Amino acid sequence: MADPLSGPAPEPESVFPREVGLFADSYPEKSRFRFCGHVLSIRQNFGSRLGVAARVWEAALSLCNYFESQNVDFQGKKVIELGAGTGIVGILAALQGGDVTITDLPLALEQIQRNVQANVPAGGRAQVRALSWGINQHVFPGDYDLVLGADIVYLEPTFPLLLGTLQHLCGTHGTIYLASKMREEHGTESFFQQLLPQHFQLELAQRDEDENVNIYRARHREPRPA
């Protein structure tokens with residue numbers, strides 16, 4: 001369970017805004033969360049520089065809770081997290097035995113790296129790398145067992161970039177887990193109801209009415225018989 005109480009930023013500036021006014025002051029804050037028997041100490045660097053990447057968002061906590069309640073198996077699995085922000089989801093996957101690559105835009109990598117160093121023991125399999133959707137996903141392999149994302153579906157211009165990135169990264173028999181606050185004003189529902197099902201078999205794995213967070217599970221569609 002999590003103690004009560006973070007999304008892409010710029011490659012073109014217009015597509016990935018920093019939302020400079022979102023957090024007025026710059027200050028760090030550490031929070032502790034407990035999942036799967038692990039206590040995670042997560043640093044959040046609030047301020048205009050990181051914007052939406054600074055904090056642990058409700059969708060990330062919902063996804064971690066889901067992994068715990070459903071006993072999702074990460075042992076020995078090849079895992080990648082997109083738009084990691086603080087890295088909490090990928091860190092939990094690494095602590096559960098996954099070989100994890102935690103990604104975001106370059107601006108967020110220092111925060112993620114600090115959190116990895118604070119939580120993943122030496123010898124743990126967690127690396128931090130820059131990934132810009134639609135730009136450099138092809139430098140990553142296309143055979144991940146698990147592709148994870150929490151609250152990364154909120155800017156409509158990025159939806160085609162994210163879709164192409166998911167198509168490349170997810171292995172033939174891989175699974176995608178996406179947790180998202182269902183913000184009507186951001187077109188989130190259209191991504192899951194219209195865009196993603198065109199290319200993946202999609203199911204709603206869990207719905208949190210209180211937080212308005214959905215968790216979706218997606219897999220590549222089976223090829224049609226010749």
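The table that follows gives values for the structure above.
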| read-out | value |
| --- | --- |
| Segment 67-119: radius of gyration over Cα atoms, expressed as a fraction of 2.2 N^0.38 Å | 1.10 |
| Solvent exposure ordering (accessible area, 1.4 Å, most first) of K30, K77, K181 | K30, K77, K181 |
| Of all accessible heavy-atom area on segment 66-210, the percent that carbon and sulfur account for (1.4 Å) | 43 |
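The values are calculated or read from the model by the stated rules, or taken from the named source; none is laboratory data. The model shown is predicted, which means the values in this text are computed figures rather than measured ones. Calculation scope for accessible area: heavy atoms of the full protein, side chains included, ligands and nucleic acids excluded. Shrake-Rupley method; radii C 1.70, N 1.55, O 1.52, S 1.80 Å.
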